[in-house]
Amino acid sequence: MNTPIQNTVIKEFCRDCDQKNEEYLELLFEISRCISKEEEISEILKQVLNLMSGYLEMTQGSITIYNRKTGKISIKEGIGISPEELARGVYNPGEGITGKVLETGTAAVIPDVSKEPKYLNRTGAIRDLDQDRFSFISVPIKAGQEVIGTLNSSRKATASPSHEDELRLMQIVAAMISQAVQLYQAHHEENQYLIEENERLNRELQDKFSHSHIVGASKVMRRVFDYVKKISDTSATVLILGESGVGKELVARKIHYASSRNNRPFVKLNCAALPESIIESELFGHEKGAFTGAVNERKGRFELAQGGTIFLDEIGELSLNVQTKLLRVLQEREFERVGGSETIKCDVRVITATNRNLEEGIQNGTFREDLYYRLNIIPVTVPPLRERKSDIPLLVNHFIEKFSELNNKTVRRISTPAIDMLFSYHWPGNIRELENCIEHAVILTEDEVIHGYHLPPTLQMRLPKSRNEGDKGSLQQQIDALEYELLVEAMKTASGNLSEAARELGLTNRMIGIRAKKYGLDFRKFRTKSMPESND
């Protein structure tokens, strides 16, 4: 609906109007009716351009809108311009005629675009500028004092150089549609923000579960990475094997986010975490009243994962009854909800994982053989940490960075004796256990360094025999381990200067010398190459 100011402008324009202006007045009333009738903003702008085209004999017309987030001016609606040409109509403020009008807020009238070097014809809608003479008018669309877009028209150039009435008419139309354009601008910017945010989150997810975050550079892990890369972009069922804590879920996520399904859901379910009585409902959903407590209809994990991937962890824990129903989903790609009769089709990639020996389960009758062969189309075995110990430093650095940030602490490194402890341990809990150990150490450290005594007691190890002869009892061993580590750290900090290391520990040169000899430490090995020899 027009504002009182717009109505005043229309009346002033139509004062002493001749026959041509009467036609323009009719156009303004048609536009006013369109604005008050239509609710869809884009439809208003399209109809305005259509009306203008009929009355002004326009060859091309367009409405551009400025995007404050991207800083670009784009053609949002046009007439006489193909979709491909519309897509090319993007400008920076100050660029070409359109950009200059938006930057200055001043209208531009170009009687013959072939003689105007600033006219870019970026859309390519005018095929031959030299042969076909066109005039071009661009007026700013304003919201208060802010220029939010432009209204543009092109038509065959006439012998009369005057475009005064046409310019005044377009300025009135621009004022009439300014509110619609402002709403369109806000809506488009919000949509653009949501699109960009969705793309950013999707990139983060893909990056989070890329090879760089399944940390490892060992030979066995490189083989896993290569295999995952080959199988990701398929729809084949995957069975991930490995001990508890090796990172099977990370591998499953990596397979999903490296596939063409990466913009669809990744839904996971731990089959061992739920009792048999509700696992079927969790997988396939249920109808209202299907059982006691089913007060509402509920979608299962397979429906929620439609078009994406479902990850079933601890698949070996499923009962034979649920295994039978899962087999049907894998074979027929369909299922019914609990208590329902409607068959639901599903397009879901299935990835499963287990730390159990399913072949033994087949032999003792706890796992269906036919289901095993349906799941085991592509097996992926994730090695335990004890078989990839060369990855421990990379994993430790990754977890130090992670937990330092989470706990708002600065931890710069881990000491050599602490690393020795990590390498000497057998890691029954694999990566998960290592992660917990580093979190424990990051929380306890107070000097930006993780020392051996910050690690859990289960990792406290015996010193090598050469450093530990004559020790009896775990208490003495741990005291010696702590003393050894403090000596090493002090010598590192002092760059092999024995006197400085002694001062840091509160010892005399003689006392530190005795302790260094006890543990077979040569202070000269801690000196940098540029450091001169001393008599300490």
Among the residues of the range 289-296, is there at least one that is surrounded by fewer than 21 Cβ atoms within 10 Å (Cβ to Cβ), among the small types (Gly, Ala, Ser), modelled with pLDDT under 90 and touching a strand residue (DSSP E or B) at 6+ places or on another chain (Cβ under 6 Å)?
yes
Evaluate the following for residue 411: is it crowded, with 17+ Cβ neighbours inside 10 Å and closer than 25 Å to residue 485 by Cα?
yes
Exactly one of 247, 316, 308 is closer than 22 Å to residue 198 by Cβ and buried (at least 16 other Cβ atoms within 10 Å of the Cβ), and that residue is 308
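Regarding residue 125, is this residue assigned by TED's automatic domain parsing to the domain that holds residue 68, touching a Ser or Thr at 6+ places or on another chain (Cβ under 8 Å) and at pLDDT 85 or above?
Values: assigned by TED's automatic domain parsing to the domain that holds residue 68: yes; touching a Ser or Thr at 6+ places or on another chain (Cβ under 8 Å): yes; at pLDDT 85 or above: no.
No: the conditions fail for residue 125.
Filter the range 433-477 down to the residues that are hydrophobic (A, V, I, L, M, F, W, C), at pLDDT 60 or above and within 14 Å of residue 419 (Cβ to Cβ) and list them by number. Before the answer, list the steps.
So in the range 433-477, the residues hydrophobic (A, V, I, L, M, F, W, C) come out as 434, 437-438, 441-444, 449-450, 455, 459, 461, 463, 475.
Narrowing further to those that are at pLDDT 60 or above: 434, 437-438, 441-444, 449-450, 455, 459, 475.
Once the filter is applied, which keeps residues that are hydrophobic (A, V, I, L, M, F, W, C), at pLDDT 60 or above and within 14 Å of residue 419 (Cβ to Cβ), the range 433-477 yields 434, 437, 438, 441, 449, 450, 455, 459.
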Among the residues of the range 115-124, is any touching a helix residue (DSSP H, G or I) at 6+ places or on another chain (Cβ under 6 Å), under 23 Å from residue 184 (Cβ atoms), aliphatic (A, V, I, L, M) and free of Cβ contacts under 8 Å to residues at least 40 places away in the same chain?
no
Would you check which residues across the range 135-147 are at pLDDT below 90 and within 14 Å of residue 176 (Cα to Cα) and list them?
143, 144
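Right, residue 423: within 30 Å of residue 526 (Cα to Cα), in a helix (DSSP H, G or I), among the hydrophobic types (A, V, I, L, M, F, W, C) and without any contact (Cβ under 8 Å) to a residue 40 or more places away in the chain or not? Give the derivation first.
Working: within 30 Å of residue 526 (Cα to Cα): yes; in a helix (DSSP H, G or I): yes; among the hydrophobic types (A, V, I, L, M, F, W, C): yes; without any contact (Cβ under 8 Å) to a residue 40 or more places away in the chain: yes.
Against the criterion (within 30 Å of residue 526 (Cα to Cα), in a helix (DSSP H, G or I), among the hydrophobic types (A, V, I, L, M, F, W, C) and without any contact (Cβ under 8 Å) to a residue 40 or more places away in the chain), residue 423 qualifies.
Regarding residue 274, is this residue within 20 Å of residue 376 (Cα to Cα) and among the hydrophobic types (A, V, I, L, M, F, W, C)? Don't jump to the end; show me each part of the working.
On the way: within 20 Å of residue 376 (Cα to Cα): no; among the hydrophobic types (A, V, I, L, M, F, W, C): yes.
Considered against the rule, which asks whether it is within 20 Å of residue 376 (Cα to Cα) and among the hydrophobic types (A, V, I, L, M, F, W, C), residue 274 comes out as no.
For the range 90-127, how many residues are of a type in the set (Val, Ile, Thr), in a loop (DSSP other than H, G, I, E, B) and crowded, with 17+ Cβ neighbours inside 10 Å?
Here is the first cut: in the range 90-127, the ones of a type in the set (Val, Ile, Thr) are 90, 97-98, 101, 104, 106, 109-110, 113, 123, 126.
Applying the additional criterion that residues be in a loop (DSSP other than H, G, I, E, B) yields 106, 123, 126.
Cutting the leftovers down to crowded, with 17+ Cβ neighbours inside 10 Å gives us 123, 126.
The qualifying residues number 2.
Can you tell me which residue within the range 243-263, out of those that are out of contact with any strand residue (DSSP E or B) (no Cβ under 8 Å at 6 or more places or on another chain) and of a type in the set (A, V, I, L, M), is farthest from residue 220 (Cα to Cα)?
Kept after step one, since they are out of contact with any strand residue (DSSP E or B) (no Cβ under 8 Å at 6 or more places or on another chain), are these residues of the range 243-263: 243-247, 250, 254, 258, 260, 262-263.
Next, only the ones that are of a type in the set (A, V, I, L, M) stay: 246, 250, 258.
On the way: 246: 13, 250: 16, 258: 20 Å.
For the range 243-263, the residue satisfying everything is 258.
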Could you tell me whether the range 401-408 includes any residue that is closer than 26 Å to residue 225 by Cβ and more than 31 Å from the chain's Cα centre (by Cα)?
no
Scan 273, 252, 258, 217 and give me the residue that is under 25 Å from residue 328 (Cβ atoms) and surrounded by fewer than 21 Cβ atoms within 10 Å (Cβ to Cβ).
273
Scan the range 49-66 and give yes if some residue there is farther than 18 Å from residue 136 by Cα, hydroxyl-bearing (Ser, Thr, Tyr) and at pLDDT below 80, otherwise no.
no
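The values are calculated or read from the model by the stated rules, or taken from the named source; none is laboratory data. Values in this document were obtained by computation on a predicted structure and should not be read as measured data. No Cβ is skipped: glycine too gets one built from the backbone with ideal geometry, and neighbour counts run over all protein chains shown.
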